[in-house]
Each structure stands twice: as structure tokens, then as C-alpha cells.
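Visitor: Below: one structure in C-alpha cells.
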Amino acid sequence: MDKTQACCNHQLPPGYVPEHNKAVSEAYDHFLISPEPLSLDRACALVRSNAAGAISTFEGTTRDTFNGKRVIRLEYEAYEPLAKKEWHRIVQEARSKYHLLSTVMHHRIGPVAVGQASVIISVSSAHRADAINAVHYLIDSLKARLPIWKKELLHDGTGAWKENEPIDLSLHN
Amino acid sequence: MAKVKVLYFASARDAADQKEYETIALEDGTPATLQAVIDKIKASHKGIASVLETSAISYNQEYCDSEQLHEIEVKDNDEIAIIPPVSGG
């Protein structure tokens, strides 16, 4: 496990391995794609653990502008079976880079109004650097790899399927 | 004759007359490769070629690379999806 982390450079005592789960498992890696509103409380409850010293979270929200134009809402769709398989691969990669206890990824499909959450990622770990860095890795990997799409509805009535900007995942190495 | 299910997402669905999915049948005599399915899709939907150029293809819920398009032999009830550039999160 690389000692220098992308944004958190906290050293653990040599030879000390924090409690963690090595392999991805539906028992503690939670995945949900749903049209229902997302809840940060529900996500954190799924990863909360007495063995954790940290829970780190990310919430993606619909922004009200794109290139100076006013956005009314986003509309999401997903290819769920492939998204689940690819997400499990991403989580396994995160587990091989960081000491993680539990993870959750909830992604909304259908309309998501301005200010509302489209995705929540939450991770628990014994020490904070693993959780913080894993969340960064997970959201960057989700945006690069999961078969999920958003259509942007603008105030001028036009709508377009978005394509995520290429992400340099090498910063997580 | 192999009959496969093709799923269209996002801009691919726009180019396929808003069909979320359809059944594509390959005639006997044509090599039943994934590429043959793609060729049939292009013939059925005039505007879809440009979307296909930037899309990934999945076969039975796994991403394919371009070499596999000519290698994979499709069978009845296989599921193929057109995956335009993604924008999750």
C-alpha cells in the first residue's frame, strides 16, 4: 500500500495494518440505482461501524448553470446490470489501494432538479486518509466508467446528452 | 438465424427512433459475429453511424474491445448494448 496519498499524506506506524475488508462483497459494499430521492443519512448509516474512525462522503448535485446558460434539471438513465458489475470492479480496486471497512454508492435515475443530489458515495475506514482518498478515487472512476448518462434541460428549451470530461485517473496511483 | 436483443441508451436511442431495445435477427449464411449485428444496426438506423463511432459496445453485460467485435459469435437471446460516452455522477 503506497504511503503517500493523493491529497492526504498521513503516515501510519510501520507494520500496522488497520482493520479493513480486502474483498468486495454485497455484505458491506452497497449499490443502489433508484428514481427515489437520495439520503445522506441513509448512506452513512450503511457504512457506520464501531471499527471506523472516519466516514467520508461525496454528494453530486445538479448545478443551475452550464456554459453560462440556465439549467432547469438533469435527467439520468443507467444500464444497471453493467453498472453494478463495473462498480464492483471499481470498489475492488479501491479496496486494493486503501484500507476500507464499508462503502455505499447510491445513484438517482430520472429527473434531478437543481440543488438535488444525483449521486452519493460514502466510505468508512479506521483512519481518515483511506476514506477521504477512496471517495475521491471512487467518484472519479464512476464518472469515467459507469454506464450512466445525464441529459441537461436548459431554460431555452434545448436539451443535450452530456459527455463527461476525460479524467486523469493516474493521480490516484 | 441468431436473434439478439440490442439495447439503445442516451444519444443512441435518439438515433434509433427512441427505441429502448429491439430484436435483431442475423440471416443464415452471414457470419454471426458481433460486428455483423453492428452492421445490421447501421443499415436499420440511418443516423446511428456517428453515435456508434464514439460508443462502446457491451456483450452480455460486459464491455467489449474492438478486436472482440469480429471474434465474438452471437447466439439467440444474447444481449448487446450501445454505450455512448458516459456522464454519470
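The values are calculated or read from the model by the stated rules, or taken from the named source; none is laboratory data. Since the structure is predicted, the reported quantities are computational estimates derived from the model, not experimental observations. Positions of Cβ are generated from backbone atoms using ideal geometry, with glycine treated the same way; all protein chains shown enter the neighbour counts.
Visitor: If I go through the stretch A:126-141 residue by residue, how many of them are under 19 Å from A:Gln11 (Cα atoms) and charged (D, E, K, R)?
Guide: The qualifying residues number 2.
Quick grid of which residues meet (1) crowded, with 17+ Cβ neighbours inside 10 Å; (2) under 11 Å from the mean Cα position of the chain (by Cα):
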residue: B:His45; (1), (2): yes, no
residue: B:Ile57; (1), (2): yes, yes
residue: B:Glu62; (1), (2): no, no
residue: B:His70; (1), (2): no, no
residue: B:Val86; (1), (2): yes, no
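Visitor: Which one is modelled with the lowest pLDDT, of the residues in the stretch A:137-165 that are part of a loop (DSSP other than H, G, I, E, B) and surrounded by 15 or more Cβ atoms within 10 Å (Cβ to Cβ)? Even if it seems obvious, please write down each step before you answer.
Guide: The first filter runs over the stretch A:137-165 and keeps only residues part of a loop (DSSP other than H, G, I, E, B), leaving A:146-147, A:155-158, A:162-165.
Filter once more, keeping what is surrounded by 15 or more Cβ atoms within 10 Å (Cβ to Cβ): A:146-147, A:162-164.
Details: A:Leu146: 98, A:Pro147: 98, A:Lys162: 94, A:Glu163: 92, A:Asn164: 89.
Checking each candidate, the answer is A:Asn164.
Visitor: What residue, among those in the stretch B:5-34 that are surrounded by fewer than 15 Cβ atoms within 10 Å (Cβ to Cβ) and among the β-branched types (Val, Ile, Thr), is nearest to A:Tyr76 (Cα to Cα)?
Guide: Once the filter is applied, the top-ranked residue is B:Thr23.
Visitor: State yes or no: is A:Arg95 within 11 Å of chain B (Cβ to nearest Cβ) and surrounded by fewer than 24 Cβ atoms within 10 Å (Cβ to Cβ)? Step through it out loud before you land on a result.
Guide: On the way: within 11 Å of chain B (Cβ to nearest Cβ): no; surrounded by fewer than 24 Cβ atoms within 10 Å (Cβ to Cβ): yes.
In short, no.
Visitor: Something else: Collect the residues in the stretch A:135-153 that are hydrophobic (A, V, I, L, M, F, W, C) and within 30 Å of B:Ile57 (Cβ to Cβ), keeping them in residue-number order.
Guide: Quick first cut of the stretch A:135-153, residues hydrophobic (A, V, I, L, M, F, W, C) only: A:135, A:138-139, A:142, A:144, A:146, A:148-149, A:153.
Within the stretch A:135-153, A:Leu138, A:Ile139, A:Leu142, A:Ala144, A:Leu146, A:Ile148, A:Trp149, A:Leu153 qualify.
Visitor: Residues of the stretch B:60-81 being more than 10 Å from chain A (Cβ to nearest Cβ) and part of a strand (DSSP E or B), which ones? It would help to see each step written out before you state the result.
Guide: The first filter runs over the stretch B:60-81 and keeps only residues more than 10 Å from chain A (Cβ to nearest Cβ), leaving B:64-78, B:80.
Those that are more than 10 Å from chain A (Cβ to nearest Cβ) and part of a strand (DSSP E or B): B:Glu73, B:Ile80.
Visitor: Just wondering, is there one or more residues in the stretch B:23-41 that are within 14 Å of another protein chain (Cβ to nearest Cβ) and out of contact with any Cys (no Cβ under 9 Å at 6 or more places or on another chain)? Quick ask: steps written out before the conclusion?
Guide: Going through the stretch B:23-41, the residues within 14 Å of another protein chain (Cβ to nearest Cβ) turn out to be none.
No - not one qualifying residue is present in the stretch B:23-41.
Visitor: Shifting gears a bit: Do we find a residue being more than 18 Å from the chain's Cα centre (by Cα), modelled with pLDDT under 95 and within 14 Å of chain B (Cβ to nearest Cβ) anywhere in the stretch A:44-66?
Guide: Checked against the condition, which is being more than 18 Å from the chain's Cα centre (by Cα), modelled with pLDDT under 95 and within 14 Å of chain B (Cβ to nearest Cβ), the stretch A:44-66 yields at least one hit.
Visitor: Here's something else I'd like to know. Go through (1) out of contact with any Phe, Trp or Tyr (no Cβ under 6 Å at 6 or more places or on another chain); (2) crowded, with 18+ Cβ neighbours inside 10 Å one by one and return the number of the condition A:Thr65 breaks.
Guide: A:Thr65 satisfies all of (1) out of contact with any Phe, Trp or Tyr (no Cβ under 6 Å at 6 or more places or on another chain); (2) crowded, with 18+ Cβ neighbours inside 10 Å except (2).
Visitor: For residues that are surrounded by fewer than 24 Cβ atoms within 10 Å (Cβ to Cβ) and assigned to a helix (DSSP H, G or I), tally how many sit in the stretch A:123-132.
Guide: Applying the first criterion (surrounded by fewer than 24 Cβ atoms within 10 Å (Cβ to Cβ)) to the stretch A:123-132 yields A:126-129, A:132.
With the extra rule that they be assigned to a helix (DSSP H, G or I), the set shrinks to A:128-129, A:132.
Total satisfying the criteria: 3.
Visitor: Go over the candidates A:Lys150, A:Lys143, A:Lys162 one by one and state the one that is at the interface with chain B (Cβ under 10 Å from one of its Cβ atoms), in contact with a strand residue (DSSP E or B) (Cβ under 9 Å, 6 or more places away or on another chain) and more than 21 Å from A:Lys85 (Cα to Cα). Walk me through it before giving the result.
Guide: Values: A:Lys150 fails: more than 21 Å from A:Lys85 (Cα to Cα); A:Lys143 fails: more than 21 Å from A:Lys85 (Cα to Cα).
From the options A:Lys150, A:Lys143, A:Lys162, the qualifying one is A:Lys162.
Visitor: Is it true that B:Val86 is in contact with a strand residue (DSSP E or B) (Cβ under 9 Å, 6 or more places away or on another chain), more than 14 Å from chain A (Cβ to nearest Cβ) and modelled with pLDDT of 95 or more? Working first, answer last.
Guide: Working: in contact with a strand residue (DSSP E or B) (Cβ under 9 Å, 6 or more places away or on another chain): yes; more than 14 Å from chain A (Cβ to nearest Cβ): no; modelled with pLDDT of 95 or more: yes.
In short, no.
Visitor: Taking A:Phe31 as meeting all but one of (1) more than 16 Å from the chain's Cα centre (by Cα); (2) in contact (Cβ under 8 Å) with a residue 60 or more places away in the chain; (3) surrounded by fewer than 19 Cβ atoms within 10 Å (Cβ to Cβ); (4) under 28 Å from B:Ile83 (Cα atoms), write down the number of the exception.
Guide: (1)
Visitor: Of the numbered conditions (1) of a type in the set (Phe, Trp, Tyr); (2) within 14 Å of the chain's Cα centre (by Cα); (3) surrounded by fewer than 19 Cβ atoms within 10 Å (Cβ to Cβ), A:Trp87 satisfies every one except a single condition; which is it?
Guide: Of the numbered conditions (1) of a type in the set (Phe, Trp, Tyr); (2) within 14 Å of the chain's Cα centre (by Cα); (3) surrounded by fewer than 19 Cβ atoms within 10 Å (Cβ to Cβ), the odd one out for A:Trp87 is (3).
Visitor: Could you tell me how many of the residues in the stretch B:2-22 are touching a His at 6+ places or on another chain (Cβ under 6 Å) and facing another protein chain (nearest Cβ under 9 Å)?
Guide: The qualifying residues number 0.
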